[in-house]
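The values are calculated or read from the model by the stated rules, or taken from the named source; none is laboratory data. All values derive from a computational prediction rather than experimental measurement. Positions of Cβ are backbone-derived with ideal geometry, glycine not excepted, and every protein chain shown enters the neighbour counts. Quick note on the areas: whole protein, heavy atoms, side chains included, nothing else; ligands and nucleic acids left out. Shrake-Rupley method; radii C 1.70, N 1.55, O 1.52, S 1.80 Å.
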Amino acid sequence: MNKYLKNLNRIEFVVTMACTGKCRHCSQGEHRSSENIDKHSAADAVRKIAGEYDIESVMTFGGEPLLYPETVFEIHKAAREMNIPKRQLITNGYFSKDSDKIKLVAEKLAESGVNEILLSVDAFHQETIPLEYVKMFAQAVKETDVEIKVHPAWLVSPQDENPYNIKTKELLADFNVMNIETAEGNVIFPSGNALVYLSEYFDLSKETKNPYDEDPYDVKAICFSANGDVLGGNIHKKKIEEILTDYLPK
Ligand code: SF4
């Protein structure tokens, strides 16, 4: 076992960089690429990593991961097979306008073993993502046994009374009426689009630590990019076992 990964307990996948949203707070910037990770390689990586490390959670996100639902299903099936207890999906909920397809995807997410869905709903997402289809998806998930929560992005802090947060609270209330709770969400970090469009809300004279940065000497979570990159290697070019063994902090 690689000593720098001895506490590894979480695997994350950026399923695709393609997205149905164009959010002005997006930390990934403009979504010009439609790259998506190969479903078989991703599922195989889950099995191999969980065979060696004590993995507690697997999370799929994007871009919009449900543009490639089969990949999401395969990753979570592998996670369930390996007895990984927490199997999460973060989605903006807008991947189709077809109610039958929306229902089918919700059912297949449940079948594949996803046990928590965090639905991105806030003033930023809803500038470009129609709420009608997001609610249709949320309702379809409610009809399964998968837990679903709304997961907002807050500007400055959840308590700050800026116009975006006020709008976000109104949107969340709509979902609370559907018996969908609000998760903690996250506070927008100044990078990507947020730095371009929302800079007046950040104190750029101070260095802000990215909350998602990992200690390279004690990695607890690894994240696969949509092109297969992970820990300085790429699963389409090198076996995941070798990538894990060869990892060295930079
Ligand atoms: S914040 Fe999420 S939904 Fe919005 S553009 Fe970025 S990845 Fe897409």
Filter result (assigned to a helix (DSSP H, G or I) and among the charged types (D, E, K, R)) within region 132-158: E132, K135, K142
Out of E74, E127, sole residue that is of a type outside the set (A, V, I, L, M, F, W, C) and either over 30 Å from L5 (Cα atoms) or surrounded by fewer than 18 Cβ atoms within 10 Å (Cβ to Cβ) (or both): E127
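Sort through L89, L67 and tell me the only one that's closer than 30 Å to Q126 by Cβ, open to solvent by 20 Å² or more (accessible area, probe 1.4 Å) and in contact with a strand residue (DSSP E or B) (Cβ under 9 Å, 6 or more places away or on another chain).
On inspection, the qualifying residue turns out to be L67.
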Of the criteria (1) of a type outside the set (F, W, Y); (2) out of contact with any Leu (no Cβ under 8 Å at 6 or more places or on another chain); (3) open to solvent by 70 Å² or more (accessible area, probe 1.4 Å), which one L172 fails: (3)
Strands (runs of 3 or more DSSP E) wholly inside region 31-131 containing at least 1 residues that are within 20 Å of N227 (Cβ to Cβ): 57-61, 86-91
Residues that are open to solvent by less than 40 Å² (accessible area, probe 1.4 Å) and touching a Ser or Thr at 6+ places or on another chain (Cβ under 7 Å), drawn from region 211-250: A226, G228, I235
Tally, over region 110-130, of residues that are among the β-branched types (V, I, T), within 12 Å of T91 (Cα to Cα) and within 16 Å of the chain's Cα centre (by Cα): 2
Candidates V187, V150, filtered to the one that is β-branched (V, I, T), touching a Ser or Thr at 6+ places or on another chain (Cβ under 7 Å) and either open to solvent by less than 30 Å² (accessible area, probe 1.4 Å) or over 24 Å from E64 (Cα atoms) (or both): V150
Residue match in region 59-71 (condition: over 30 Å from L195 (Cβ atoms) and in contact (Cβ under 8 Å) with a residue 60 or more places away in the chain): no
Tally, over region 1-30, of residues that are within 12 Å of the ligand (Cβ to nearest atom), outside any strand (DSSP E or B) and among the polar types (S, T, N, Q): 3
Selection from region 109-123 of residues that are more than 16 Å from F61 (Cβ to Cβ) and surrounded by 16 or more Cβ atoms within 10 Å (Cβ to Cβ): A110, G113, A123
Test: residue in region 66-76 that is more than 13 Å from the ligand (Cβ to nearest atom), β-branched (V, I, T), under 17 Å from the mean Cα position of the chain (by Cα) and more than 16 Å from T16 (Cβ to Cβ): no
Options E207, E200: the member that is more than 16 Å from the ligand (Cβ to nearest atom) and part of a helix (DSSP H, G or I): E200
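Residue-wise test of (1) within 16 Å of the ligand (Cβ to nearest atom); (2) modelled with pLDDT of 95 or more.
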{"site": "H151", "(1), (2)": "yes, yes"}
{"site": "V156", "(1), (2)": "no, no"}
{"site": "M178", "(1), (2)": "no, yes"}
{"site": "P211", "(1), (2)": "yes, no"}
{"site": "E214", "(1), (2)": "no, no"}
{"site": "A226", "(1), (2)": "yes, yes"}
Candidates I129, I117, filtered to the one that is in contact (Cβ under 8 Å) with a residue 40 or more places away in the chain, under 30 Å from Y197 (Cα atoms) and either within 15 Å of the ligand (Cβ to nearest atom) or of a type in the set (K, R) (or both): I129
